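Asks: So that we are looking at the same thing, I have put the structure below in structure tokens.
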Amino acid sequence: MNDYRKNEVPRAAAVAIIEIVKPVREVLVLRRSASKNDHWSAQYAFPGGRCQTDDGSPLSTAIRETCEECGIELSPRALVETLPTTPAARSTKHPVPVHPFHFRLDHRPSLTLQQREIQGACWVKIADFLSPYGHAMREMMPGRLPGRYYPSWPLDDYYLWGFTYELTLRTFGNDSMLKNLPVAPLPLTSEE
């Protein structure tokens, strides 16, 4: 069972924000597999996961988890920025402290997705994400959190929203984009 469901404070996590610069600037997000035991089931997220004692550091966790989830072997030399630790799952009893690390690579690496945890991947063009088109407040979890609206942006088969959306915006854009977002319906389907 995941830490967020226990009565104890969850272990910290780390994520890798992987930017490529050629031929255009893009960032990788992974579509998590659907699972009722996963708080982030079927959502898009950066590669990453919970810190393990033998990792030694959150940076090592981000590198290990990225390799496990999508087969990319990151080098610490590709690290551009260590972002401030940020809480995820803020709507739960115990938010998870997440250590985000921004990596930059010249070209898209090949991906080998871990099928048990990851059902797909998407390279998001940063220029498209930073345009105002598609950004809106949407009720992302009407079955579990009715009436709660989150900033979101459409991808091919679902949305970038919540923690991953906000971290993408903070890394590549600015928080002023969050002001005055329209409220929009959810035309795409998701697996909750």
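Asks: TYR133 is checked against (1) within 16 Å of the chain's Cα centre (by Cα); (2) surrounded by fewer than 20 Cβ atoms within 10 Å (Cβ to Cβ); (3) of a type in the set (Phe, Trp, Tyr) and fails just one. What number does that condition carry?
Replies: Against the list (1) within 16 Å of the chain's Cα centre (by Cα); (2) surrounded by fewer than 20 Cβ atoms within 10 Å (Cβ to Cβ); (3) of a type in the set (Phe, Trp, Tyr), TYR133 comes up short only on (1).
Asks: Here is a further query. Working only within the range 113-135, note down all residues that are farther than 22 Å from ILE17 by Cβ and of a type in the set (D, E, K, R).
Replies: ARG116
Asks: Next question. Pick from the range 136-165 the residues that are closer than 26 Å to ILE20 by Cα and of a type in the set (D, E, K, R): which of them is surrounded by the most Cβ atoms within 10 Å (Cβ to Cβ)?
Replies: Ranking the qualifying residues of the range 136-165, first place goes to ASP157.
Asks: Just to be sure before I move on: is GLU117 surrounded by 12 or more Cβ atoms within 10 Å (Cβ to Cβ), acidic (Asp, Glu) and touching a helix residue (DSSP H, G or I) at 6+ places or on another chain (Cβ under 8 Å) in the structure I sent?
Replies: So GLU117 passes the test.
Asks: Same structure again: Kindly establish whether LEU145 is over 14 Å from TYR165 (Cα atoms), touching a strand residue (DSSP E or B) at 6+ places or on another chain (Cβ under 6 Å) and in a loop (DSSP other than H, G, I, E, B). Please lay out each step first, then the result.
Replies: Working: over 14 Å from TYR165 (Cα atoms): yes; touching a strand residue (DSSP E or B) at 6+ places or on another chain (Cβ under 6 Å): no; in a loop (DSSP other than H, G, I, E, B): yes.
Answer is no for this residue.
Asks: Out of everything in the range 86-117 that is part of a loop (DSSP other than H, G, I, E, B) and of a type in the set (D, E, K, R), what residue ends up being modelled with the lowest pLDDT? Walk me through how you get there before you give the answer.
Replies: Taking the range 86-117 as the starting set, the residues that turn out to be part of a loop (DSSP other than H, G, I, E, B) are 89-95, 106-117.
Next cut, of a type in the set (D, E, K, R) only: 90, 93, 106, 108, 116-117.
Working: ARG90: 52, LYS93: 61, ASP106: 96, ARG108: 96, ARG116: 91, GLU117: 91.
Ranking the qualifying residues of the range 86-117, first place goes to ARG90.
Asks: With the checklist (1) part of a helix (DSSP H, G or I); (2) in contact (Cβ under 8 Å) with a residue 40 or more places away in the chain in hand, flag the one item ASP128 doesn't pass.
Replies: (2)
Asks: Moving on. Checking THR66 against (1) surrounded by 20 or more Cβ atoms within 10 Å (Cβ to Cβ); (2) over 15 Å from the mean Cα position of the chain (by Cα); (3) under 19 Å from THR112 (Cα atoms), which test does it fail?
Replies: Against the list (1) surrounded by 20 or more Cβ atoms within 10 Å (Cβ to Cβ); (2) over 15 Å from the mean Cα position of the chain (by Cα); (3) under 19 Å from THR112 (Cα atoms), THR66 comes up short only on (2).
Asks: Can you name every residue in the range 41-63 that is crowded, with 20+ Cβ neighbours inside 10 Å, part of a helix (DSSP H, G or I) and of a type outside the set (A, V, I, L, M)?
Replies: PRO58, THR61
The values are calculated or read from the model by the stated rules, or taken from the named source; none is laboratory data. These numbers were taken from a predicted model, which means no experiment stands behind them. For neighbour counting, all protein chains shown are included, and Cβ atoms are generated from backbone atoms with ideal geometry for every residue, glycine included.
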